[in-house]
Structure formats: C-alpha cells, structure tokens
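Here the structure is laid out as structure tokens; the discussion comes afterwards.
Just so you know, all these numbers are worked out from the coordinates, no wet-lab data involved. Since the structure is predicted, the reported quantities are computational estimates derived from the model, not experimental observations. Glycine also receives a Cβ, built like all others from the backbone with ideal geometry; neighbour counts cover every protein chain displayed.
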Amino acid sequence: MDKNPSDQPQRIVEMDRSSLSNGMESASVPTWISTVSVTKERKPFRASRNEKQLADPGTARVNVAASQESPNGTTANDWAARHSGRTVLQQHCDFFDSDHDGIIYPSDTFQGFWKLGFGFWLSLLAVCIIHANFSYPTVNSWIPDPFFRVYVANIYKCKHGSDTGAYDTEGRFVPQKFEDIFSKYANGKDYLSLWELTCALKGQRLIADPIGWFGAFFEWLATYILLWPEDGKLRKEDIRGVYDGSIFYTIASRRAMNQTGVSQQ
C-alpha cells in the first residue's frame, strides 16, 4: 500500500509518459503498445482529422449500413429511405423473402441463391446450412418448425460468435466494427485480398466456438463466390452492400438482364 496517496497523480502521469515512450500512440486514447505486438498489428479504425464525415462510428445504426465513405448508408434508388422500417440485418435477409411475408422457406432461399448465380448444388448446400442452423432460433415456440422456416422478425437471434461484430445482437449495424475489418486486416485499404480475408477469419475466431467458426467461414466464402472479383480484391463498398442486402438486387438484376434482357430490380 502506498504511504503517501498524494503521490498517485504524479505516478499516473509518469506511467502515461512511460507508455508513450514504449510505443503507445496516444495518451488520451491508446490503442496499441509495443510490448503486445498484436495490438500494433491490428489497429482499430480511427478517423483522421480530415475524415470526420462519419459521426459516432461506435454507435450502432438500426437501419443504415453506414461507413466512412457512405455515412448515410446506401442511397441509390432511395434504399435507405425505403427500408427505414427494417433493421440492417433484416434488410440483409429481405432479398430471400420475395413475397415479403416475413417468413423465409427453404425454397425461398434456394431461389434467392439461384438468382445470384450459385447454381443448383451450391444453392442446395446453402439451404441446408442456413435452415438447419437458423430456423429454430427464430421460431416463437419450443417446438422446432417442421418446415425449417426462418422468421425474419426474430433473425437477430441468429447472430453467432467469431464474426466481425458489424451486426450487434439486435440486428443493428456498427460502423466501427465494419471499419475495423479493413483497419486491422487490410492496413486501411478499401479492399480485402484473399489472404487478408483469411487473416480476418483467423483473427476473429473465439475459443470453443465451432458453430461461429463455420458460420463465419461459410458467410465469407459465399460473399467471395457472389462477388468473385477478377483481381481477387473484395471491395469495401461491395461488402457493405452485402451487409444491408442492397447488392443482392443489383447482382440479380444484372444477371437477369444478361440472360433475358429484362431487369428484375
């Protein structure tokens, strides 16, 4: 125990100065120390003084997938305004609920993946994975749904571990967590390479969480197949469009145009 409590403030100042000399980047908001290398390798997102258009990035947005480049979310075709009554996670699911009844049948999921170009077997695999894991958490009963339907109103219950944290436990979108993906694993670039994506999957893993590990792997694999970048780079804006589901309609419409000459958007 310290004999002289008045020495405490001075000691705290000395500790702060010592931390700065050992590699801590800021006395007010330290985010890394040189003695723990992973904190220096994976720095969280911090907007510079010239990048203040995204206000309060740590505050979850209920209906807008906001980012540094798109602080108002998706504005094309009045997306944000038209979906203001839906959480971002619900927006992500709405493409697969084509009749908008709030219930996604296995056949709905199959048709959705088919429209996105996944083919028969990958679409069938997606149905098995999604409905086997996500149906029961969304039902309003202890009895499992015999048809393995997913109820969009309760989709927030399907959040799993070892993910990016961009969705919170109520289905809102957290810009800070989204930006952290690129800050921590892509050195702040506006894209993820396949190797950087692999590092992100590894870096976000939680202990004893096999469902979360597999869920994150499946979701990012599906994202990569969906976007299939020719240069191998998953663009930040495209990934953001996956989170709010807006890019699903764009890709489905583009494929319909190529196949029939008629847009379905």
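Overview of values
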{"item": "Angle between the chain longest axis and helix 210-227 axis [Cα atoms, degrees, rounded to 10]", "result": "70"}
{"item": "Value of [θ]222 nm, deg cm²/dmol, for the chain, DSSP H segments ≥ 4, -39500 (n - 2.57) each, nearest 500", "result": "-14000 deg cm²/dmol"}
{"item": "Lysines whose Cα lies under 24 Å from that of Lys236, excluding same-chain neighbours fewer than 8 positions away", "result": "Lys40, Lys43, Lys52, Lys115, Lys159, Lys177, Lys184, Lys189, Lys202"}
{"item": "Segment Ile129-Ala47, extension gain: residue separation times 0.36 nm, minus the distance between their alpha carbons", "result": "25.8 nm"}
{"item": "Nonlocal amide H pairs with Ser67, under 5 Å, H built at 1.01 Å", "result": "Asn72, Gly73"}
{"item": "Under the Karplus curve 6.51 cos²θ - 1.76 cosθ + 1.60, θ = phi - 60°, whole-Hz ³J(HN,Hα) for the range 98-106, x wherever Gly or Pro sits", "result": "5, 9, 6, 9, x, 10, 9, 7, x"}
{"item": "Nearest-0.05 FRET efficiency for Asp56 and Ser28, computed from C-beta distance (R0 25 Å)", "result": "0.90"}
{"item": "Full-stretch length increase - Glu69, Ser141 - with 0.36 nm per residue and alpha-carbon distance subtracted", "result": "21.8 nm"}
